[in-house]
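Structure first, then comments.
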Amino acid sequence: MRKLIVIWTCLLFTIPCEADTFIVDPNGFEDFNNIQDAINYSWHGDTVIVRPGTYNENIYFNGRAITLTSENPNDPNVVDSTIITANSGYSVTFDFGENSDSVLAGFTITGRGIYCYASSPTIKNNIIRDCDNYGISGGQGAAPIISDNSISNIFSAGIFNCHGPINNNIVSGNRRGISECDGSITYNKIANNAYGGAGAGLYDCDGTIANNIILGNEVTSGSGGGGGGLSNCNGNIINNIISGNKAVTGGGGLSDCTNVFNNTIVGNIANTGAALSGCDFISNTS
């Protein structure tokens with residue numbers, strides 16, 4: 001009998017628990033009627049599916065390695081109608097050491113944006129718009145994986161102080177596009193951002209910046225400096241299209257950037273000074 005108890009005890013602690021799926025419905029027809037309660041009830045490996053609606057909440061992942069998703073992150077209509085918004089604090093926060101297994105996918109995020117502190121979650125297939133601080137921001141070495149998002153109409157930078165890979169996003173119509181991010185920045189469209197300081201498109205980004213379209217960004221103040229497209233970026237700037245960017249003073253396209261090679265740089269304008277300023281250029285076309 002004692003041997004049987006030992007065997008069952010060993011089985012209890014060695015068989016992994018099956019992952020669960022929970023559904024959130026704002027009208028109360030499913031497991032939960034708000035997102036945070038579903039997260040709090042979940043555990044690693046679970047999936048929380050959120051039905052369309054507007055959720056006025058501050059969302060905290062609390063270290064859960066879960067997938068929080070709309071019903072279909074690949075359907076723009078579903079993403080547009082599944083909204084997380086907050087009037088204060090951040091709309092979504094990762095501050096418990098989350099890694100890439102903590103996934104946020106398929107939402108419209110408004111109000112206060114997404115904040116990552118010492119964490120590296122996956123943020124993909126979202127619309128992030130109309131935020132009065134940053135779209136996605138980080139602190140304490142945050143390195144989120146940021147992919148396939150649309151980030152627009154942000155009061156400050158669309159993406160700020162994030163050091164993981166940033167790829168396949170559209171970052172447009174913000175005060176600054178991408179700022180102080182040192183991971184790889186690839187295959188993004190960074191367009192029509194306008195700021196009074198240097199680097200309206202990208203500023204102070206020191207990782208690999210490759211295969212992006214950097215278009216129509218503008219430094220609006222003469223005292224702000226140059227680099228409508230890029231400024232003070234000292235990684236490798238490779239195979240980008242840098243076009244139609246503007247600055248009041250030098251460096252309408254690029255200013256104070258190193259290792260600039262194999263890019264197409266065309267139609268950038270500075271009212272005074274050169275369209276390109278203070279950069280090291282190798283094998284670019286114009």
In the stretch 91-106, anything more than 16 Å from Ala143 (Cα to Cα) and surrounded by fewer than 23 Cβ atoms within 10 Å (Cβ to Cβ) is listed as Ala105
Being under 13 Å from the mean Cα position of the chain (by Cα), surrounded by 23 or more Cβ atoms within 10 Å (Cβ to Cβ), hydrophobic (A, V, I, L, M, F, W, C) and more than 25 Å from Gly229 (Cα to Cα) narrows it down to one of Ile159, Ile151, Ile136, Ile109, so name that one. Ile109
Among residues of the stretch 171-180, those that are over 10 Å from the mean Cα position of the chain (by Cα) and more than 17 Å from Ser255 (Cα to Cα), counted: 4
Mind telling me which of the residues Gly183, Gly207 ends up being within 22 Å of Ser150 (Cβ to Cβ) and touching a His at 6+ places or on another chain (Cβ under 6 Å)? Gly183
Does the stretch 275-284 contain any residue that is in the same structural domain as Cys181 (by TED's automatic domain parsing) and either at pLDDT 90 or above or under 26 Å from the mean Cα position of the chain (by Cα) (or both)? no
Requiring at least 1 residues that are of a type in the set (A, V, I, L, M) and touching a strand residue (DSSP E or B) at 6+ places or on another chain (Cβ under 8 Å), the strands (runs of 3 or more DSSP E) wholly within the stretch 44-93 are 47-50, 67-70, 82-85
Can you tell me which residue among Ile178, Ile190, Ile170, Ile238 is over 25 Å from Tyr115 (Cα atoms) and of a type in the set (A, V, I, L, M)? Ile238
Of the residues in the stretch 243-274 that are exposed (fewer than 15 other Cβ atoms within 10 Å of the Cβ) and outside any strand (DSSP E or B), the one that is modelled with the highest pLDDT is Asn262
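The values are calculated or read from the model by the stated rules, or taken from the named source; none is laboratory data. Bear in mind the structure is a predicted one, so any value in this text is a computation, not a measurement. All Cβ positions, even for glycine, are placed from backbone atoms using ideal geometry, and neighbour counts span all protein chains on display.
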